[in-house]
Amino acid sequence: MALNMNGLEGNERSAGDYTRKMVPEGRWSDTWQVFKSNFGKTVLINLVVLISFIPSIVIIFFRSYYLAWLYTADSVNHTMVYPFSPYTVGVEQNIVFYVDLVFYALLVISMLIFAVGISGAAYSFKKLINTHGDFTFKSFFHGVRTTYFHTLFPMLLFMVFVFGTVILGDYRAVMAAEGLKLGGITTAYVFVIIFTVLAGIYALWLIATGVSYKLSLKNLLKYSLFMVFGTPIQTIVMIAFAFIPLWLYLLSYLWSFMAVIMLIVYIFIGFTFTLISWMGFTQWGYDQFTNPQAEVEKAQAEAEKKAQEQALEDAKNPEIRRRELLAAGKSELLCRPIMPVNSAVKISTLGKEITRSGIARAQENRAALTSVIKDYEKEHSKDPAFVEYNKLFATREKVLDIRDKKGKKKKISSAHLLGSE
């Protein structure tokens, strides 16, 4: 059964900000060309996203530092019984459990800041892809203003699942250290991991849909779920591809030198590679289930182009128009009023037989018509259009008759001839 995605059509966020252009090549090759030709812009956006990620980095760092300090400062449980031997079973696991309870909660809250960078970057790359590189930094802030909450919601949703998975894993470790049965909690832990992975996939589609379309929360959840089920294999493959910088960074810890290189790479293009790959893929996905209205978009682009050309023509310098009229020469059709054809003016015909009386009537009719035409010219001769037109050529004729003191005709420049002096 085909998915009904008609509710997406007409709700694009591009309305009022930019016009989507036709893809000259395939979607993937076009996205690659956009990435290469706008590399500097992508690096700049990556740095801004990295700045918004700093609070999360600080929380992760202090978690590791605090755990290391606790291990060295108080690695013994002072609950002692005779003969005063320390009871240390589960102490380390309990320390990790309570530390993660605090720091991962703070990590969830840090998404409030990280969502600023993700929303602006996701919208910027959406615009880059749809306009083939038409981007200014104002687009980043426009994306933050219009899509922040649609980005924050899925990020918080995913991080709540991550929080639950970590805490449940820590509690399972505590139970294992104390020798308790693990069957039930292990099953729950496996299911929570699966749900967290699914929530991550769903969150990525929620971000893409929220950045691309203006939808209510109900429709945002519905259509994002449709896209997950509509492109399951493609989504998994694309997520694996989009997060290549992350996989390489994690693998690079096997070699310390490579870890430094991959850290530098991630600082400059890590986030942008993931986002531009994902936004390009999701645009392809939407085009599979919705009508991209390419012809409408093409006609709209042509209409806007004509409107811009007309605006330029209307705003043309009056001086240029004046020069064009002078260069064309004085026209008898433009220098005086010409009476339009009027059905009220009757013209008598001679008929099949020519008689003296018929010729006389024709002459009288011609004289009357001439009088009407002269009266019309006299009445409209002072109209601004004719006055200004004749004034142009009167000035030129005056210039042409300039003579020096000896009576010789002066040399006239072309600019003077056209009346610009």
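The values are calculated or read from the model by the stated rules, or taken from the named source; none is laboratory data. Just so it is clear, the model here is predicted, and its values are computed rather than measured. Every residue, glycine as well, gets a Cβ built from its backbone with ideal geometry; the counts of neighbours run over all protein chains shown. Ligands, DNA and RNA are excluded from the accessible area calculation, which covers all protein heavy atoms including side chains. Shrake-Rupley method; radii C 1.70, N 1.55, O 1.52, S 1.80 Å.
Per-structure values
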{"quantity": "Inverse of mean 1/r across different Cα pairs in segment 94-215, Kirkwood, Å", "calculated": "16.2 Å"}
{"quantity": "Amide proton proximity set for TYR213, modelled H, under 5 Å, gap of 5+", "calculated": "ARG13"}
{"quantity": "Accessible carbon and sulfur surface of segment 78-236 relative to its total accessible area, %, 1.4 Å", "calculated": "75 percent"}
{"quantity": "Accessible surface, 1.4 Å probe, highest first, among residues PHE153, PHE140", "calculated": "PHE153, PHE140"}
{"quantity": "Accessible-area value, TYR376, 1.4 Å probe, nucleic acids and ligands omitted, Å²", "calculated": "60 Å²"}
{"quantity": "Accessible area of segment 116-195 divided out per residue, in Å², using a probe of 1.4 angstrom", "calculated": "46 Å²"}
{"quantity": "Accessible area (Å², 1.4 Å probe, nearest 10) - ASP134", "calculated": "80 Å²"}
{"quantity": "HIS132 - accessible surface, heavy atoms, 1.4 Å probe, Å² rounded to 10", "calculated": "60 Å²"}
{"quantity": "Computed lengthening from LEU369 to MET339, 0.36 nm per intervening residue step minus Cα-Cα distance", "calculated": "9.7 nm"}
{"quantity": "ARG366, ARG356, ARG13, ARG63, ranked by accessible area, largest first (probe 1.4 Å)", "calculated": "ARG356, ARG366, ARG63, ARG13"}
{"quantity": "Efficiency of FRET from Cβ geometry, GLU377 and SER357, R₀ 22 Å, rounded to 0.05", "calculated": "0.10"}
{"quantity": "Potential lengthening between SER29 and ILE113 on full extension [0.36 nm per residue; Cα-Cα distance subtracted]", "calculated": "26.9 nm"}
{"quantity": "Distance between modelled label sites at TYR65 and ALA176, nm, 7 Å Cα→Cβ extension", "calculated": "2.9 nm"}
{"quantity": "Where TYR266, TYR213 fall by accessible area, highest first, once all protein chains stay in place (1.4 Å)", "calculated": "TYR266, TYR213"}
{"quantity": "Inter-site label distance for ILE244 and PHE257 at 7 Å from Cα along Cβ, in nm", "calculated": "2.3 nm"}
{"quantity": "Computed E for VAL102/LEU156 - FRET, C-beta separation, R0 25 angstrom, nearest 0.05", "calculated": "0.90"}
